[in-house]
Amino acid sequence: MTTPRTVLVTGGNRGIGYAIAEEFLAQGHRVAVTARSGEGPAGALTVRADVTDAASVDAAFSQVEAEYGPVEVVVANAGITKDTLLMRMSDEEFDTVVETNLGGAFRVVKRASKGMLKARWGRIVLISSVVGLYGSAGQVNYAASKSGLVGMARSITRELGARGITANVVAPGFIETDMTAALPEAQQAEYKKNIPAGRFASPNEVARVVTWVAGDDAGYVSGAVIPVDGGLGMGH
């Protein structure tokens with residue numbers, strides 16, 4: 001039985017973040033999610049936050065701490081895409097994606113580490129993507145932001161590893177969400193051809209890996225990149 005923890009999932013109002021929050025709730029944890037709009041799953045505390053703004057992140061943490069106590073598990077999941085080919089990509093399209101996906105993870109993790117250091121226990125899970133290490137045409141900004149999370153987790157592991165804090169990266173591949181459902185049939189079939197498992201994942205297949213790496217059994221796993229991609233990115 002895992003110890004009930006206070007968990008914060010950023011971007012927990014839809015897709016993978018929503019599924020992660022649901023799975024933590026199902027396992028008996030106290031769960032809060034940040035969202036710019038919308039709500040997390042029933043039973044979760046939803047707080048408004050913009051991860052590009054440190055003051056907003058701080059206020060969200062303070063709200064969660066007041067309700068549930070110090071955050072023991074943080075899942076940095078909030079992310080955006082602005083896909084376009086390199087030659088057409090504006091500085092703004094590059095900067096906004098990096099600022100949200102990588103800068104946002106930095107601000108959230110920095111704020112979470114305060115309470116974790118005090119408690120000498122913590123779990124930091126950064127949600128990356130198969131694209132971070134595999135690459136993808138039209139996603140120079142997104143891939144750079146997602147591979148940056150690997151260096152972040154490994155540096156945090158070296159800094160905080162002796163304090164009972166782990167930092168790991170979970171790298172999902174193609175997941176059945178509203179986004180993949182909107183793709184034309186032919187395009188979906190083309191993607192599936194490259195996935196050894198021959199299918200997309202359900203969001204809760206990602207969520208269960210996240211809850212495992214955040215749990216009591218994974219205390220000696222840190223600085224790892226755990227792919228949940230059906231074998232798509234093997235070795236990358």
Hits in the range 29-45 - residues which are open to solvent by 30 Å² or more (accessible area, probe 1.4 Å) and farther than 21 Å from A112 by Cα: S37, G38, E39, A42, G43
With respect to E23, determine if the residue is touching a residue at least 60 places away in the same chain (Cβ under 8 Å), in contact with a Ser or Thr (Cβ under 6 Å, 6 or more places away or on another chain) and part of a helix (DSSP H, G or I). yes
If I ask for residues that are within 12 Å of the chain's Cα centre (by Cα), of a type outside the set (G, A, S) and not in a helix (DSSP H, G or I), which ones from the range 126-180 would you list? L126, I127, N168, V169, V170, P172
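Quick check on the range 83-93. Is at least one of its residues in a helix (DSSP H, G or I) and either in contact (Cβ under 8 Å) with a residue 24 or more places away in the chain or within 22 Å of T2 (Cβ to Cβ) (or both)?
Filtering the range 83-93 for residues in a helix (DSSP H, G or I) gives 86-88, 91-93.
Imposing the further condition that a residue be either in contact (Cβ under 8 Å) with a residue 24 or more places away in the chain or within 22 Å of T2 (Cβ to Cβ) (or both) reduces the set to 86, 93.
Yes: the range 83-93 contains one or more residues that are in a helix (DSSP H, G or I) and either in contact (Cβ under 8 Å) with a residue 24 or more places away in the chain or within 22 Å of T2 (Cβ to Cβ) (or both).
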Every pair of residues 6+ apart whose Cβ atoms lie under 7 Å, when the first sits in the range 67-78 and is farther than 15 Å from K114 by Cβ and open to solvent by 10 Å² or more (accessible area, probe 1.4 Å) while the second is aliphatic (A, V, I, L, M) and in a loop (DSSP other than H, G, I, E, B): A78/V51
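Working only within the range 135-151, note down all residues that are of a type outside the set (K, R) and surrounded by 20 or more Cβ atoms within 10 Å (Cβ to Cβ). So that I can check it myself, show each step before the final result.
Step one: of the range 135-151, the residues of a type outside the set (K, R) are 135-145, 147-151.
Listed by number, the residues that qualify are Q139, N141, Y142, A143, S145, S147, L149.
With S113, S128 as the choices, which residue is of a type in the set (S, T, Y), touching a strand residue (DSSP E or B) at 6+ places or on another chain (Cβ under 6 Å), surrounded by 15 or more Cβ atoms within 10 Å (Cβ to Cβ) and under 30 Å from H236 (Cα atoms)? If you could, list the steps in order and put the result at the bottom.
Numbers: S113 fails: touching a strand residue (DSSP E or B) at 6+ places or on another chain (Cβ under 6 Å).
The match here is S128.
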Please state which of the following conditions V98 fails to meet, knowing it meets all the rest: (1) open to solvent by 40 Å² or more (accessible area, probe 1.4 Å); (2) touching a residue at least 40 places away in the same chain (Cβ under 8 Å); (3) assigned to a helix (DSSP H, G or I). (1)
Members of the range 176-199 that are farther than 22 Å from G135 by Cβ, of a type outside the set (G, A, S) and exposed (fewer than 10 other Cβ atoms within 10 Å of the Cβ): D178, P184, E185
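The values are calculated or read from the model by the stated rules, or taken from the named source; none is laboratory data. Keep in mind that what you see is a predicted model, and the values were worked out from it rather than measured. Note that we place each Cβ from the backbone using ideal geometry, even for glycine, and neighbour counts take in every protein chain shown. Protein only, heavy atoms only, side chains kept; ligands, DNA and RNA dropped before computing areas. Shrake-Rupley method; radii C 1.70, N 1.55, O 1.52, S 1.80 Å.
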